[in-house]
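The values are calculated or read from the model by the stated rules, or taken from the named source; none is laboratory data. Just so you know, these numbers come straight off a predicted model, no measurement behind them. All Cβ positions, even for glycine, are placed from backbone atoms using ideal geometry, and neighbour counts span all protein chains on display. Heavy atoms of the whole protein, side chains included, go into the accessibility calculation; ligands, DNA and RNA do not. Shrake-Rupley method; radii C 1.70, N 1.55, O 1.52, S 1.80 Å.
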Amino acid sequence: MTQLFTPVHIGRLALPNRLVMAPMTRSRSDDAGVPSDLVVAYYAQRASAGLIITEGVYPNAMGKGYVRTPGIENDAQVAAWKKVTEAVHARGGRIFMQLMHCGRISHPSLLPEGAQPLAPSAVKPAGQAWTGAGMQEFMIPQALDVAGIARIVYDYGLATRRAMAAGFDGVELHAASGYLPEQFLSSGSNNRTDEYGGSVAKRTRFVLEVLAAMVAEAGSDRVGIKISPEMGFNDIVDAAPQETYTTLVEQLREFKLAYLHVALFGTSTDYHALLRPRFDGAYLIGGGLDQTQAETLIAEGKADATVFGSAFLANPDLPERLRQGAALNTPDKNTFYSPGANGYTDYPALGANQAQ
Ligand SMILES: Cc1cc2nc3c(=O)[nH]c(=O)nc-3n(C[C@H](O)[C@H](O)[C@H](O)COP(=O)(O)O)c2cc1C
C-alpha cells in the first residue's frame with residue numbers, strides 16, 4: 001500500500017501524494033456568497049491532501065444554484081478566499097478553486113432580483129431546486145443569446161483572475177453533474193441551431209471558449225476540468241455520450257491543461273480507457289473509490305491521482321489514516337449542507353492533534 005503516497009506533478013504543482021480532495025458543496029457561506037471563517041478552518045484541516053479542489057464557486061451571480069454557496073465575483077469574496085488559501089498554504093497544502101455555473105439548475109429566489117435561470121435552451125429539467133424557502137420546482141430557463149454567452153465566458157475569465165488574486169494554485173472548470181457547461185454539451189438540454197448547438201463540435205464550443213478564457217488568466221498549467229459522462233444527475237441526457245466526450249477530450253489537447261478529472265457513476269462504458277489516451281496532462285479518477293481501488297488505479301497506471309469526496313469530508317487527515325490503515329469516520333449526510341460547525345469542522349483527526 002505505498003503507491004498512493006508517491007509524489008506526482010500536476011501542472012506546475014508537485015503533489016506529495018495521489019490523494020485529491022473532491023470538490024464538495026458544503027453551503028457554509030453567507031447569503032452574499034462570502035465564505036465564513038469556518039470555511040477557512042475546514043480547508044486548513046484537510047491541507048494534507050495532495051491537492052484540494054474547493055466546493056463549486058459561482059463565477060457570477062447568475063451562476064448560483066444552491067443556498068449559502070460561495071462566489072468569486074467581488075472583493076469581499078476574494079478577501080475571504082484569500083484567508084482560505086493562506087491557511088492551506090501555511091499548512092503545506094495546495095488548493096484549486098472549482099468554478100461552477102449552475103445554469104438551469106437554479107431558481108429565481110437564488111438569483112438577482114427579477115432574473116430567470118439561464119441555459120443553452122428553454123428546456124426545463126425535472127426536479128427541484130434547493131432554495132431558502134425549501135425545495136421548489138425547477139422552471140423553464142431562459143435561453144441565452146450569443147451576447148449572453150459571451151458575457152458568461154468573460155465572467156469565467158474574470159472569476160479566474162480573482163481566484164488567482166486570492167492565492168489559488170489553479171482553477172477547475174466544473175463541466176460535470178448537469179450544470180451549465182454540461183447543459184451545452186448534452187443534446188437533451190441543448191437544442192440550439194446556432195454555432196453553440198447541433199453537432200458535437202458546436203455543443204463543445206461553450207466549454208472550449210470558457211477554458212480559453214480561464215487559461216488566458218491562469219496559464220494552461222493551472223487549469224483543470226471535471227467531467228462526468230453519463231452521470232445523469234440533474235436530469236442531464238446526451239444521445240451519444242461516447243462521441244461527445246471523446247470529441248471534447250480530443251479538443252482539449254490543444255489547451256495543454258494541468259489535468260482532466262473524470263468522475264464516473266453507474267455507467268457500464270469504460271470511459272477511462274476511451275479518454276485517457278486522448279489526453280496528455282494528468283488524469284484524475286474519482287467517484288465512489290475506496291483505498292484498494294485507488295491503489296490499483298495508480299499501480300496499473302490508469303490514473304495519475306485519485307479523487308476522494310465523502311471520505312475527505314469526514315476525515316480531515318484522510319491521507320494519514322489510509323497510510324496507517326486506520327479506521328475512517330463515517331460521513332453524516334444530514335450535515336452535508338447544514339449551517340455551522342456540526343458535521344463540518346468537528347470530524348476528529350487521529351489522536352489528540354486535531355487541526356483547528
Ligand atoms: C456533499 C457533496 C457535495 C458535492 N458537491 C460537488 C461540487 O460542488 N462540485 C462537484 O464537482 N462535485 C461535487 N460533489 C461530487 C464529488 O466531487 C465526488 O465526485 C463524489 O462525491 C464522488 O466521490 P466519493 O464517492 O469519493 O464521495 C459533491 C459530493 C458530495 C458528497
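Quick look at the values:
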quantity: Residue check, R91 in contact (Cβ under 8 Å) with a residue 60 or more places away in the chain, open to solvent by less than 30 Å² (accessible area, probe 1.4 Å), away from the ligand (no atom under 13 Å from the Cβ) and of a type outside the set (G, A, S); calculated: no
quantity: Cβ-Cβ under 9 Å pairs, at least 6 apart or on other chains, region 151-177 side closer than 19 Å to D75 by Cα and without any contact (Cβ under 8 Å) to a residue 60 or more places away in the chain, far side open to solvent by 10 Å² or more (accessible area, probe 1.4 Å) and assigned to a helix (DSSP H, G or I); calculated: Y154/A213; R161/E217; M164/E217; M164/R222
quantity: Among the residues listed as A129, A150, the single one being more than 16 Å from the ligand (Cβ to nearest atom) and either part of a loop (DSSP other than H, G, I, E, B) or open to solvent by less than 60 Å² (accessible area, probe 1.4 Å) (or both); calculated: A150
quantity: Given (1) away from the ligand (no atom under 16 Å from the Cβ); (2) at pLDDT 95 or above, number of the condition N315 does not satisfy; calculated: (1)
quantity: Pair list, Cβ < 7 Å and 6+ apart or interchain, from region 310-328 residues that are closer than 18 Å to P7 by Cα to residues that are away from the ligand (no atom under 12 Å from the Cβ) and assigned to a helix (DSSP H, G or I); calculated: L322/L4; R323/F5
quantity: Strands (runs of 3 or more DSSP E) wholly inside region 1-65 containing at least 2 residues that are within 16 Å of the ligand (Cβ to nearest atom) and crowded, with 23+ Cβ neighbours inside 10 Å; calculated: 19-21, 51-57
quantity: Any hit, region 319-329, residues being over 20 Å from Q45 (Cβ atoms) and either surrounded by fewer than 16 Cβ atoms within 10 Å (Cβ to Cβ) or of a type in the set (S, T, Y) (or both); calculated: yes
quantity: Candidates R104, R162, filtered to the one that is modelled with pLDDT of 95 or more, part of a loop (DSSP other than H, G, I, E, B) and charged (D, E, K, R); calculated: R104
quantity: Residue satisfying all of: in region 298-311; assigned to a helix (DSSP H, G or I) and open to solvent by less than 30 Å² (accessible area, probe 1.4 Å); farthest from the ligand (Cβ to nearest atom) among these; calculated: I298
quantity: Tally, over region 280-297, of residues that are outside any helix (DSSP H, G or I) and either in contact with a strand residue (DSSP E or B) (Cβ under 7 Å, 6 or more places away or on another chain) or farther than 27 Å from V39 by Cβ (or both); calculated: 10
quantity: Filtered residues of region 47-71 (kept if closer than 18 Å to L158 by Cα and more than 14 Å from the chain's Cα centre (by Cα)); calculated: N60, A61, M62
